[in-house]
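Worksheet: the structure to be examined is printed underneath.
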Amino acid sequence: MHMNAALLMGNPCDEEEDDLALLCCQGTEGEMLLLSRAPDEDEVELVWDEQAIGVRGLKVTLGAERLWVELPADAEAPFSAAVIRVNLADALADLDEAQAALEVILDGTGTLVRE
């Protein structure tokens, strides 16, 4: 699973959406990756091109040029052991906001690696 990102945005606490932590990435060809987590949830909601799952055990790597989301082997199909690779080289992105959102989203449910 791969996309070239046009836009990457994050919000660690959307007050209008009941304090939902959200990371959204839109691709140059209209595809979308969304990671979100409500404060009272113990799973991350992952949406990739209109397919949604609840998942724990994600490993997310964030760098200036890439965002990788590695899913565990026990994730629902078609996401089992998948890696979503997002090229951020040409994206409009606020990496500090993205990192802040990912820290909240993954707290106790996954791992964040910052390059």
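Assess whether VAL44 counts as being out of contact with any Phe, Trp or Tyr (no Cβ under 7 Å at 6 or more places or on another chain) and crowded, with 20+ Cβ neighbours inside 10 Å.
Details: out of contact with any Phe, Trp or Tyr (no Cβ under 7 Å at 6 or more places or on another chain): yes; crowded, with 20+ Cβ neighbours inside 10 Å: yes.
Criteria met by VAL44.
How many residues, within region 104-115, are small (Gly, Ala, Ser) and crowded, with 20+ Cβ neighbours inside 10 Å?
Total meeting the criteria: 1.
If you take the residues of region 41-51 that are part of a strand (DSSP E or B) and at pLDDT 95 or above, which of them is farthest from GLU103 (Cα to Cα)?
Step by step, filter region 41-51, then rank; the result is VAL47.
Looking at region 5-40 only, could you name the residues that are within 21 Å of ASP107 (Cβ to Cβ), of a type outside the set (Asp, Glu) and in a loop (DSSP other than H, G, I, E, B)?
Across region 5-40, the qualifying residues are ALA38, PRO39.
Just to verify a result, which residue in region 1-52, among those that are small (Gly, Ala, Ser) and touching a strand residue (DSSP E or B) at 6+ places or on another chain (Cβ under 7 Å), is nearest to LEU67 (Cα to Cα)?
The residue in question is ALA5.
The values are calculated or read from the model by the stated rules, or taken from the named source; none is laboratory data. Quantities reported herein were computed from a predicted structural model and do not represent experimental measurements. Cβ atoms come from the backbone with ideal geometry, glycine included; neighbour counts cover every protein chain shown.
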